[in-house]
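A quick write-up on the structure given underneath.
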Amino acid sequence: MEGASTDSLPKNTLREADPRLTEAAWRMWAGEEVGVRRDRERFFDILCSWQGKPYACMRQGRFAGYVVLGPSEDEGYARILEMVLEDGVSVLALLHALSGDLGITRGSVKPGYIKQGQMRELEEFCEGESLGCSQRFLILDWCRVLRAMMTMKQHVRPLEDGEIILGITGEDGKRTGVWIRIREGCLTVAGEEERNLPRPEQKEETGSEDMHVPVRRELTAAQAARLLFRSTQVFYKELEGLPAGWFPLPLYVSEQDCC
């Protein structure tokens, strides 16, 4: 991997022949808050998936991140498939560098859900934007996935209090009951593969005990995957009455990991 000693950012493509920059890129990626597992030995190959071309970002002669550009038939157009930058590196500075060093004048960027800062910076000058997810997922452990995704979303923005029970039935007929509750910012996700779902708890309210009845929904696994994780869920009625802002959950995989 080779980088350029320039204050503006990328010039030369990363090359496996330079283990120092490859190692720096892997360490920076491994320090990200969210990501699919990548073994160090396969890291460079994954960056090059789908004809991706990784570039080192150098600032004042020091490694400051990397970007992966996808193939494009249009000269001057760049598809940024992955972008990992150290704190303090401006996305705008990166795009200026790509323009100056590689002659890129147009392009698209795909920041992940957790990259809220990058999204806000891009919204200042991008001509258009879209929210989407290109993958469909087969969920094998609903509780673990829902707990992880709700924790991630709550990390970005606090979720309002609420309680729901989902009955999710797979194609094999196996039914998983998932209980989700948020109370004063504390998230609980529990469940089991049986007909009996977690029972609602009693709580004291104004001196008397009232039974709090959570919202219940029965879904097939395909419905749950579509409604809970995809942005298209805003067009469906099945989730009406659930706490606002809980869904869709940010389940996604980087394009470079779809190999």
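Read the figures in this text as sums done on the coordinates, not as results from a lab. Predicted model only: the values in this text are computed from it and were never measured. Ideal geometry is used to build each Cβ from the backbone, glycine not excepted, and the neighbour counts take in all protein chains shown.
So the values come out like this:
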item	result
Rounded if a/c under 1.5, otherwise prolate or oblate - region 17-127, Cα gyration tensor axes	rounded
Given K53/K115; K110/K153; K153/K174, the pairs whose alpha carbons are separated by over 23 Å	K153/K174
Calculated FRET efficiency for the pair R42/T105, C-beta based, R₀ 51 Å, to 0.05	0.95
Packing-based order for 171-177, 51-57, using average beta carbon neighbours within 10 Å, highest first	51-57, 171-177
Segment A93-A30, length gained on full extension (0.36 nm per residue, minus Cα span)	20.4 nm
Amide H within-cut-off set for G191, under 5 Å, with H built and near neighbours excluded	W179
Dipole of region 56-96, positive end: most advanced residue of A64, Y77, A93 [Cβ charges, Cα centre]	A64
Region 85-137 shape via C-alpha gyration tensor axes, a/c threshold 1.5	prolate
